[in-house]
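Engineer: For reference, the structure I am asking about is given below.
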Amino acid sequence: MRILFITGEYPPQPGGVGDYTQRLAQHLTIAGHEVITLTSVKGHWQLWRATSRGDEALAAPRGRASWRLVAAGRLAQVVRLIRPQWCHIQYQTGAYQLQIGVNVLPLLLQRTEIATAITYHDLLPPYLFPKAGPLRTWVTLIPARTASAVVVTNPEDEATLRAAGLQPRLIPIGANIEPTQSSARDRAVERTRLSITADEALIGYFGLLSPGKGVDLLIDLVAQHPRWRLLIIGGAATTPTDRAYAEAVQQRLARDGLRDRVIITGHLPAAQVSAYLSACDVIALPFRDGASLRRGSLLAALAHGCAIVTTPPASAATAAALTGAVQFAAAQPNSFAAAIEMVLQSAVMRDRLSEAARAVARRFAWSTIAQAHLELYQTR
């Protein structure tokens, strides 16, 4: 079977959706299928074929790449030239620069032999024009109403789509960073490299900088706790709002004299991310909309057996899946600080959370995720 993935980001570009797409493509290839990924970089199309040795670059389609609505016809033409049995859109509004050309792609392919699927990595609506209101949600759901199959990655989004009269299939994501072998000595080396002293606690955050992920809350807490250091494993995201937020974070660190206590790594190779996750005492993820299984950063921290403090999920199903494997705390300074301090003070608690986190992560094996996709594709 030839499967085409369409994604607004793909390695080496930073972003969780791109990492997810690459991992899924690799495992579908292992299962014996041909997987090609179409993305764009700086206005040019890029094509990748997954192989057992990694990604192989293919000759890219000619012409300027665009996700804009006016370019949707050209996008459909590119897909038809590749001739996949399935065209599967990995959808996250921000990854497509808030453009909506990809939203109408399933509609444009309806009269072809190409089946279409869409995976919603979030349901954030695109920007259209001032006061667009409900039209933004309608545009977000166009591909769900016209594609052959609809996938969501978490119970919260599943409930939202079902309330809209749709029948999505829930297929979870897996960890976007695999753990590397990390001994106590390796951990000590990384902490020394970061200049973490024996009496300091290293609080880790993993992910791109955006307003909804609560990095500003963590900076507040570090400013109030002199023996805490914050390691932000990641950097700025691509949307204008996220870039502005990241710049504001940098300005605050300079203004408040926190640059020596808050380390922002920028985009890193997977092995270094793994090493840093293992070096932290606590991973703090204060998502303002609640912890969700669509968060690759959370899945990666679970896979590494980290002691995690995060915010309560919006859905009971997600809360049940994570209970005992993370420490929940409201995204409020006092509550979140108290939860971090409680975990730091108890080695027994950290060990218990670590063991439970790894057990939860084993439920999200990539081989299982790939098999669920193949079952989906075989429905047509």
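What follows draws every value from the coordinates through simple rules; no lab data is involved. None of the values given here were measured: they were computed from a predicted structure. Note that each Cβ is placed from the backbone with ideal geometry, even for glycine, and that neighbours are counted across all protein chains shown.
Engineer: Based on a Kirkwood Rh over C-alpha pairs, give the Stokes-Einstein translational diffusion coefficient of the chain at 25 °C and viscosity 0.890 mPa s in µm²/s.
Structural biologist: Rounded, D is 114 µm²/s.
Engineer: Can you report the principal axis dimensions of the stretch 278-325 using only the alpha carbons, biggest first, rounded to whole angstrom?
Structural biologist: Projected onto the principal axes, the Cα atoms of the stretch 278-325 cover 31, 19, 17 Å.
Engineer: Note down the nm distance, to one decimal, between modelled labels 7 Å out along Cα→Cβ at A163 and at V41.
Structural biologist: With each label point 7 Å from Cα toward Cβ, the separation is 4.0 nm.
Engineer: Now a separate question. Given N residues in the stretch 314-375, what is its alpha carbon radius of gyration divided by 2.2 N^0.38 Å?
Structural biologist: So the Cα radius of gyration is 1.43 times the expected 2.2 N^0.38 Å.
Engineer: Output ³J(HN,Hα) for the stretch 278-289: one whole-Hz value per residue in order, computed from phi by the Karplus curve 6.51 cos²θ - 1.76 cosθ + 1.60 with θ = phi - 60°, and x for Gly and Pro.
Structural biologist: After applying 6.51 cos²θ - 1.76 cosθ + 1.60, I find 6, 7, 7, 7, 9, 9, 10, 10, x, 4, 6, 9 Hz.
Engineer: Let me ask something additional. Mind listing the long-range amide H neighbours of V35? Cut-off is under 5 Å, sequence gap 5 or more, other chains count too, H placed in the peptide plane at 1.01 Å from N.
Structural biologist: For V35, the qualifying residues are I3, A50.
Engineer: Same structure, new question: Given the Cα atoms of the stretch 241-286, and with Rh set as the inverse mean 1/r over their pairs in the Kirkwood sense, what is Rg to Rh to two decimals?
Structural biologist: Looking at the stretch 241-286, the ratio lands at 1.02.
Engineer: Give me the Debye-computed log₁₀ of I(q)/I(0) at q = 0.11, 0.24 Å⁻¹ for the stretch 248-356, equal point scatterers on Cα only, no solvent, two decimals.
Structural biologist: -0.38, -1.40
Engineer: Given the options G212, G18, G63, which has the most mean-square fluctuation in a GNM of the chain, springs set between C-alpha atoms less than 10 angstrom apart?
Structural biologist: Maximum among the listed residues: G63.
Engineer: Hey, rough spin-label estimate for E247 and T192, points 7 angstrom out along Cα→Cβ, what's it come to in nanometres?
Structural biologist: 4.0 nm
Engineer: Would you kindly state how much longer the chain becomes between R352 and Q371 on full extension, computed as 0.36 nm times their sequence separation minus their alpha carbon distance, in nm to one decimal?
Structural biologist: 3.7 nm
Engineer: May I ask you to work out the translational diffusion coefficient for the stretch 45-184 at 37 °C, viscosity 0.692 mPa s, via Stokes-Einstein with Rh from the Kirkwood sum over Cα pairs, reported in whole µm²/s?
Structural biologist: Approximately 197 µm²/s, per Stokes-Einstein.
Engineer: Considering only C-alpha atoms, what is the centroid distance from the stretch 175-230 to the stretch 28-45, in Å?
Structural biologist: 33 Å
Engineer: May I pose another question? Rounded to two decimals, what ratio of Rg to Rh does the stretch 209-273 give with C-alpha atoms and a Kirkwood Rh?
Structural biologist: 0.96
Engineer: Still on this structure, I have one more. Who wins for biggest fluctuation among H27, H44, H304 in a Gaussian network model of the chain, springs between alpha carbons below 10 Å?
Structural biologist: H44
Engineer: For L170, what residues show an amide H to amide H distance below 5 Å, using hydrogens built from the backbone and excluding near sequence neighbours?
Structural biologist: Residues meeting the criterion, in which the H sits 1.01 Å from N, are V152.
Engineer: Right, here's the next one. Taking θ = phi - 60°, what integer Hz values does the Karplus form 6.51 cos²θ - 1.76 cosθ + 1.60 yield along the stretch 355-370, in sequence order, with x for Gly and Pro?
Structural biologist: Computed from phi, the couplings for the stretch 355-370 are 5, 5, 4, 5, 5, 5, 4, 5, 6, 10, 5, 5, 5, 5, 5, 4 Hz.
Engineer: Please find, in a Gaussian network model of the chain (springs between Cα atoms separated by less than 10 Å), the residue of W67, W48, W138 whose mean-square fluctuation is greatest.
Structural biologist: Result: W138 has the largest fluctuation of those listed.
Engineer: Modelling each spin label as a point 7 Å along the Cα-to-Cβ direction, I'd like the R64/L170 distance in nm, to one decimal.
Structural biologist: 4.4 nm
Engineer: Continuing with the same structure: Amide H of H44: which non-local residues (sequence gap of 5 or more, or other chain) have their own amide H closer than 5 Å, using H built in the peptide plane?
Structural biologist: It is A65, by chain and number.
Engineer: Using a cut-off of 13 Å between beta-carbons, work out the net charge of the residues near V104 (Lys and Arg +1, Asp and Glu -1, V104 not included).
Structural biologist: So the surrounding residues net to +3.
Engineer: What are the ³J(HN,Hα) values, in whole Hz, obtained from phi via the Karplus relation 6.51 cos²θ - 1.76 cosθ + 1.60 with θ = phi - 60°, for each residue of the stretch 113-125 in sequence order, with x given for Gly and Pro?
Structural biologist: Running phi through 6.51 cos²θ - 1.76 cosθ + 1.60 with θ = phi - 60° gives 7, 8, 7, 10, 9, 9, 9, 7, 7, 7, 10, 5, x Hz.
Engineer: Considering Cα pairs under 8 angstrom that are at least six residues apart, work out the relative contact order of the stretch 27-109 and quote it in whole percent.
Structural biologist: Relative CO of the stretch 27-109 lands at 22 percent.
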